[in-house]
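Okay, structure first, notes after.
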Amino acid sequence: MLSKVTKAIKEFDPLDLLPYAPPDEYDSEIKEIISFLENNNECNLDTLSYKIFDIFNKTLGDDIFDKSIEDCYQVAHEILD
């Protein structure tokens, strides 16, 4: 699960920081997503999409995080696929 979430989030790269940022740039968000998935076995695409959006919106701020729910839906699809 860790590698699947890590791969999806690093490809998502909502701030376009990679490959210039340290490799652990999104580790806190990745850990939060994994924790959410571990505690929500019946998670669906919509739920995970909103959770990803919420996590990045809170950690980065809505003035910096400019991705949409639809963008997050694509990430959720990669994770749950």
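Every read-out reported here was derived from the displayed coordinates using simple, explicitly stated rules and does not represent laboratory data. Since the structure is predicted, the reported quantities are computational estimates derived from the model, not experimental observations. As a convention, Cβ positions derive from the backbone with ideal geometry for all residues, glycine included, and neighbour counts pool all protein chains shown.
Some observations on this one:
- Coil-residue chymotrypsin sites (Phe, Trp or Tyr not before Pro) of segment 6-55, DSSP, other Cβ within 10 Å capped at 14: Tyr20
- In order through segment 76-81: 3J(HN,Hα) via Karplus (6.51 cos²θ - 1.76 cosθ + 1.60), integer Hz, x for Gly, Pro: 4, 4, 4, 5, 8, 6
- Reciprocal of mean inverse Cα separation for segment 18-61 (Kirkwood radius, Å): 11.3
- Relative contact order of the chain, taken over Cα pairs closer than 8 Å and 6 or more residues apart, is 39 percent.
- Under 14 Å from the Cα of Lys10 - aspartates and glutamates, other chains or at least 8 residues apart: Asp24, Glu25, Asp27, Glu29, Asp71, Glu78
- When semi-axes √(5λ) of the Cα gyration tensor in Å is computed from the coordinates, the matching label among (i) 19, 14, 11; (ii) 60, 16, 6; (iii) 25, 19, 10 is (i).
- Backbone HN-Hα couplings from phi across segment 20-31 [Karplus 6.51/-1.76/1.60, Hz, Gly and Pro as x]: 7, 7, x, x, 9, 3, 10, 4, 5, 5, 4, 4
- The stretch between Tyr50 and Leu15, if pulled fully straight at 0.36 nm per residue, gains 10.8 nm over its current Cα-Cα span.
- Shown here for segment 3-49: GluC sites (Glu not before Pro) in loop regions (DSSP other than H, G, I, E, B) with at most 13 other Cβ atoms within 10 Å, namely Glu42.
- ³J(HN,Hα) computed for each position of segment 5-19 - Karplus, 6.51 cos²θ - 1.76 cosθ + 1.60, integer Hz, glycine/proline x: 5, 4, 4, 5, 6, 5, 6, 5, 5, x, 10, 6, 8, 8, x
- Between Glu38 and Ile64, the simple spin-label model (points 7 angstrom out along Cα→Cβ) gives 2.6 nm.
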